[in-house]
Amino acid sequence: YRIPALGGPPAKLADTMLYRDTAVSPDGRSLAYIGREPTKPQSHLRLAKPDGSDEQSLVKLDEPDGFSPGLAWSPDGKDIVYCGETFAEGKRSRNIVGVRVTDGSQRPLSDQNWDRCNSIVWLPDGNLLVSGSAGSGGSESAPVSQLWLIVPGSPPQRITNDLNGYSNVTATANGDVLVAR
């Protein structure tokens, strides 16, 4: 649904899948979102125009693989980042993945395996901010989620260290103020 900020009726944009995690492109001309087909064991990273038209699948993952929470556009609008879940030998692995919007090509944006990934922000300087817990065991009993900075080519840097669990994070357009819950 698109809901006018200053009032008015909501407009249904799509209803063919079960949707979550929506992100708007920097120029406002495209939406990215995660959708799961109710009758097929597949999840998709999809793109559409803001009115819901021209919907297309950019990435398709077959179960048991799928998408963890977290979806963001790069500042230049050429890439989207998501947290992908894979299962192998009975263990869950979550990784931060970048996708080229023009052709769907994918690449890892961090070597870190995450026990939990709640949200991702792509900062104007090209760095990523992740709300999650880093680990290697895929444990559902992982420590509380903290905020992490990912600088390309470097290991993630933990920027909070407290008893709070951060489930969502966002930043202002210039990246100088963060808001987390």
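The values are calculated or read from the model by the stated rules, or taken from the named source; none is laboratory data. Remember, it's a predicted structure, so these values are computed and weren't measured experimentally. Note that we place each Cβ from the backbone using ideal geometry, even for glycine, and neighbour counts take in every protein chain shown. The protein model used for the area step is the full one, side chains on, heavy atoms only, and it has no ligands, DNA or RNA in it. Shrake-Rupley method; radii C 1.70, N 1.55, O 1.52, S 1.80 Å.
Which value in nm describes the separation of the simple spin-label points at Asp162 and Leu178, placed 7 Å from the Cα toward the beta carbon?
Computed distance between label sites Asp162 and Leu178 equals 1.1 nm.
Tally up the carbon and sulfur contribution to the accessible surface of the range 24-181 as a whole percent, 1.4 Å probe, everything protein left in place. Write down the numbers at each step before the final one.
Working: 3930 of 8000 Å².
The computed percentage sits at 49.
Treating only the Cα positions of the range 26-181 as identical point scatterers, give the base-10 log of I(q)/I(0) from the Debye formula at each q in 0.08 Å⁻¹.
Once normalised to I(0) and log-transformed, intensities are -0.22.
Under 18 Å between alpha carbons, and skipping anything fewer than 8 positions from Lys49 in its own chain: which lysines qualify?
The qualifying lysines are Lys12, Lys78.
Quick query: amide H of Asp65 versus all other amide H atoms, modeled in the peptide plane; which residues come in under 5 Å with a sequence gap of 5 or more or a different chain?
Residues meeting the amide H criterion: Phe87.
Between the range 87-159 and the range 1-73, what is the C-alpha centre distance in whole Å?
20 Å
Between Ser93 and Lys60, what FRET efficiency follows from the Cβ-Cβ distance if R0 is 22 Å, with the result rounded to 0.05?
Between Ser93 and Lys60 the formula returns 0.75.
Rounded to the nearest whole Å², what accessible area per residue is found for the chain with the 1.4 Å probe?
Per-residue accessible area for the chain comes out at 55 Å².
Cβ neighbours within 10 Å, averaged per peptide: list 107-120, 84-97, 155-168 in order, most packed at the top.
Those peptides, ordered most packed to least, come out 107-120, 84-97, 155-168.
At a probe radius of 1.4 Å, what is the per-residue accessible area of Lys78, in Å² to the nearest 10?
Accessible surface of Lys78 is approximately 110 Å².
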